[in-house]
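The values are calculated or read from the model by the stated rules, or taken from the named source; none is laboratory data. What you are looking at is a predicted structure, and each value in this text was computed from that prediction instead of being measured. No Cβ is skipped: glycine too gets one built from the backbone with ideal geometry, and neighbour counts run over all protein chains shown.
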Amino acid sequence: MNTKILSSADQCVKCGLCLPHCPTYLNSKNENESPRGRISLIQAVASQKLPVSTKIFSHLDHCLECKACEKACPSAVPYTQLLNKTKHQFFNHQQPSIFIRLLLSTVASHSKLALLQKTLRLLSFLKIQKVIHFFRLMHLFSFTQFIPEKFSTVETNNNPNTDNQRNVALFTGCMSPLMDSRTISDTTTLLSKIGFNVIIPKQQQCCGALHYHNNQHETAIKMMQKNSDLFTSIDVEAILSIATGCCDMLQNTDKLLDSPPKYHADEICYFLFQHANLQTENFNKANETIIVHTPCSLRNGLKQTNHAINLLGLIKGLNIIELTDQTCCGSAGTHMIRSPTKANEFIHDKLQQISATKPTYLATSNIGCALHFQNNLTAQQLDTKVLHPVSILLKYLK
């Protein structure tokens, strides 16, 4: 019997206020696919009333970890921590598929990441993603569907100009250099133009979120510790993250490491809004419509929702629409790769609004969400392009 897990689970009063906010419950209407139901299963396993089984694990593993239930919970149950501790304690033998394990092994290694990038460049050159979309083979090639049309080189600056004292470090994560180097480049350019020197440490690791949520806690902890040691040693004004999922993980590292890190990571739009002193006169006038998606990691994890919208609102003439459906889009780390059909069900209503409004851009600040949206927009032959809010800001910056 695990008293620590039971103690956390017993905080849940089974009020059901989480149910209207849980995407897997709303999609299935199955109590076992809700936070309340999963906590009941956790209590049963921890108290040895139910045996550890693949069926119970599948209910726990279906959770998208969007944290919407935590935001709605009147008892402040640390549901996501409880879920992951239970999976690690009782279901450590349950590991993801061979493909996902290979992906996780790759993003944990700089040399393997370099090889993957070369492979993806080749697949992109061969236009394999167009073949996948044409023949509707997403369910067979659930990773290669996310290969970008073009790759660009990411510049690394480890020697900032000492004449400018406002130095910041950029956390790029594991997937952005592979799939979204434009955001890295645009962020570096924008920060440089408004008076910041940008350092991109080569030694940085994956934030560990993908491994932690796929039941590979030891690997996740090792990478978190390496990042903690690295960023603690850097003398900069801020550690900035361009992906809200990574930033949420970086801000929660102190709950997982034995020695809490002494650095603090900020989401890029939050930092720009709070510290860059951007004004309307800094931007050229626009004549476009954009639709803004707020990732779960930003809304429910970091609990920040308006900074990107407020920044974009500085651009005169920019018609800004918010997505009305605020539930998880279904990307959820590796979920869009593991369960592409279910992931597409979660994004369906959002695509309907995009199709109806026909914006030029969809702005989102999490790479997983961006890839998931762009893939579906392309599959439905919609012209809307997905960009990070920073890329839109840079487009109109004088």
Exercise for the section: Look through Leu371, Leu382 and report the one residue that is in contact with a Leu (Cβ under 9 Å, 6 or more places away or on another chain), of a type in the set (A, V, I, L, M) and at negative phi. Expected result: Leu382
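Listed here are the residues, each with its yes/no results for (1) acidic (Asp, Glu); (2) under 25 Å from the mean Cα position of the chain (by Cα); (3) under 23 Å from His348 (Cα atoms).
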{"residue": "Tyr25", "(1), (2), (3)": "no, yes, yes"}
{"residue": "Ser40", "(1), (2), (3)": "no, no, no"}
{"residue": "Gln43", "(1), (2), (3)": "no, no, no"}
{"residue": "Ala68", "(1), (2), (3)": "no, yes, yes"}
{"residue": "Pro74", "(1), (2), (3)": "no, no, no"}
{"residue": "Tyr79", "(1), (2), (3)": "no, yes, no"}
Completion exercise
Taking the stretch 41-62 and the residues there that are in contact (Cβ under 8 Å) with a residue 12 or more places away in the chain and among the hydroxyl-bearing types (Ser, Thr, Tyr), the one that is farthest from Ala332 (Cα to Cα) would be Ser47
Exercise for the section: Out of the residues in the stretch 254-270 that are touching a residue at least 40 places away in the same chain (Cβ under 8 Å) and assigned to a helix (DSSP H, G or I), state the one that is farthest from Asn310 (Cα to Cα). Expected result: Lys255
Practice task
Go through (1) at pLDDT 90 or above; (2) over 17 Å from the mean Cα position of the chain (by Cα); (3) not assigned by TED's automatic domain parsing to the domain that holds Cys369 and name the single condition Met249 misses.
Solution key: (2)
Exercise for the section: At least 2 residues that are closer than 20 Å to Ala209 by Cβ and not hydroxyl-bearing (Ser, Thr, Tyr) in each: list the helices (runs of 4 or more DSSP H) lying fully within the stretch 22-122 that qualify. Expected result: 35-46, 54-61, 68-72, 79-90, 98-107
Problem - Subset of the stretch 42-58 (residues that are closer than 18 Å to Thr24 by Cα and surrounded by 22 or more Cβ atoms within 10 Å (Cβ to Cβ)) - result: Ile42
